[in-house]
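Quick one: this structure, given as structure tokens, is what I'll be asking you about.
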Amino acid sequence: MGVEDVEYISTKMAMEVFSAHSRDAFQLMAERVETFARTYVDQILLESPEAIENIKDPGVQAAILDAESAYAKSGDDDLGALLVDILTKRTSIMDRNVAQLALSESIHVAQKLTAQQYSSMSLIFLLRHVKFGAPSLKVLHQRLRENLDPVAAEATITGADAQHLIATGCAILLPISQSIPEAISGTYPGFFCMGLESDNPAVRDLPASYFQTCIRDPNKVQVGCVDEQALSVLTEQNGASASEIETLKGLLKANPMSHDDLIKELIAVAPNMQSVEEKWSKTLFPQLSLTSVGLVLAHSNLLRLTEGRFDAPLEVFLS
């Protein structure tokens, strides 16, 4: 199937659907569909040219029509960019699995949300679902600056936004609330530990190889790992007993930075987080977690806002 064939199929389906509209509306929608189709085909050829053949599939054609209809009705460029990205991924997946179903549903749901609500989901995504591979605190700060700051600049944090994300099936309400400092220190406890006294009995009873000088207080020590995943590797290498592992897990999270100090550090790195923090705890956002549909939309929006600097594949979060 050639490029011209794909563009023809993409536009012809939409034109047949829109034919009942008034002449002016039809003309405007036709122009939008043509623009969308060209952008979609360009992205398919760039990212996965072999997927062009999948456009023969009825399921893919239904997804194309859903996406084109959504963009044709609104003409919103942010929505268009999001839909092109999601549709490109959907075109590449022929197996009927969670990823395919989530992508198809996301095309349908995207038009029910604002660009600001996409960014609200991207915030939840970064705080609850993403762990950056950062070898140092400096690198973590850089990752937070590059990803959190542009998202926070666009996000709207209100009770109505939280309720709407739940109503559209993008988020679920968890029974336990999690503040922004808890989310960050819980993901990277080793970077936000204020240190342990070296004569602490729990420290003294364990091999010194499990510890390092505290990165925030040179007069103290801390477990020499960023998180539990790294700790698991370290304890396995050293043949730690079950009781030693449990003790080390507790020490890894012991004496964390205060919430106020962590927020100050975060705002210094990502200034746009200040307005988010002021509103976050007054809404349901601390209790929200994303569904598979929310993950697709949040991921795609993050790619757009960071201009590709966030490059973790969607499959990582839907597996």
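Does residue 188 meet the test of being at pLDDT 95 or above, over 21 Å from residue 126 (Cβ atoms) and either in contact with a His (Cβ under 8 Å, 6 or more places away or on another chain) or surrounded by 12 or more Cβ atoms within 10 Å (Cβ to Cβ) (or both)?
Judged against the criteria, residue 188 is not a match.
Still on this structure, I have one more. Only one of these conditions is not met by residue 114: (1) more than 21 Å from residue 256 (Cβ to Cβ); (2) surrounded by 16 or more Cβ atoms within 10 Å (Cβ to Cβ). Which number is it?
(2)
Does any residue in segment 191-205 that is under 14 Å from residue 248 (Cα atoms) come within less than 6 Å, Cβ to Cβ, of a residue that is basic (Lys, Arg) six or more places away or on a different chain, and which pairs are these?
Listed by first residue and then by second, the contacts come to 195/220; 196/220.
For residue 243, state whether it is open to solvent by 40 Å² or more (accessible area, probe 1.4 Å) and either among the β-branched types (Val, Ile, Thr) or free of Cβ contacts under 8 Å to residues at least 24 places away in the same chain (or both).
Against the criterion (open to solvent by 40 Å² or more (accessible area, probe 1.4 Å) and either among the β-branched types (Val, Ile, Thr) or free of Cβ contacts under 8 Å to residues at least 24 places away in the same chain (or both)), residue 243 qualifies.
Next question. For residue 122, only one of the following conditions fails: (1) of a type in the set (Ser, Thr, Tyr); (2) out of contact with any helix residue (DSSP H, G or I) (no Cβ under 7 Å at 6 or more places or on another chain); (3) touching a residue at least 60 places away in the same chain (Cβ under 8 Å). What is its number?
Condition (2) is where residue 122 drops out.
Within segment 139-155, can one find any residue that is touching a residue at least 12 places away in the same chain (Cβ under 8 Å) and outside any helix (DSSP H, G or I)?
yes
Inside segment 145-157, can you point out the residues that are surrounded by fewer than 20 Cβ atoms within 10 Å (Cβ to Cβ) and within 15 Å of residue 184 (Cα to Cα)?
Passing the criteria: 145, 149.
State the number of residues belonging to segment 162-182 that are surrounded by 14 or more Cβ atoms within 10 Å (Cβ to Cβ) and part of a helix (DSSP H, G or I).
8
Report, by residue number, each residue of segment 61-107 that is in contact with a helix residue (DSSP H, G or I) (Cβ under 6 Å, 6 or more places away or on another chain), open to solvent by 30 Å² or more (accessible area, probe 1.4 Å) and farther than 21 Å from residue 319 by Cβ.
The answer is 65, 66, 78, 81.
From the list 41, 17, 6, which one is modelled with pLDDT under 70, of a type in the set (Val, Ile, Thr), in a helix (DSSP H, G or I) and surrounded by 17 or more Cβ atoms within 10 Å (Cβ to Cβ)?
Just a single option satisfies the conditions, and that option is 6.
Could you run through segment 183-228 and say how many residues are in a loop (DSSP other than H, G, I, E, B) and under 17 Å from residue 241 (Cα atoms)?
Going through segment 183-228 one residue at a time, the tally reaches 3.
Sticking with this one: Looking only at segment 281-309, count how many residues are open to solvent by less than 10 Å² (accessible area, probe 1.4 Å) and either among the hydrophobic types (A, V, I, L, M, F, W, C) or at positive phi (or both).
Qualifying residue count for the region: 6.
Go through 215, 263, 267 for me and flag whichever is within 25 Å of residue 180 (Cα to Cα) and open to solvent by 70 Å² or more (accessible area, probe 1.4 Å).
215
The values are calculated or read from the model by the stated rules, or taken from the named source; none is laboratory data. Owing to the predicted nature of the structure, the values given are computational and were not obtained by experimental measurement. Positions of Cβ are backbone-derived with ideal geometry, glycine not excepted, and every protein chain shown enters the neighbour counts. Note: areas computed on protein heavy atoms with side chains; ligands, DNA, RNA excluded. Shrake-Rupley method; radii C 1.70, N 1.55, O 1.52, S 1.80 Å.
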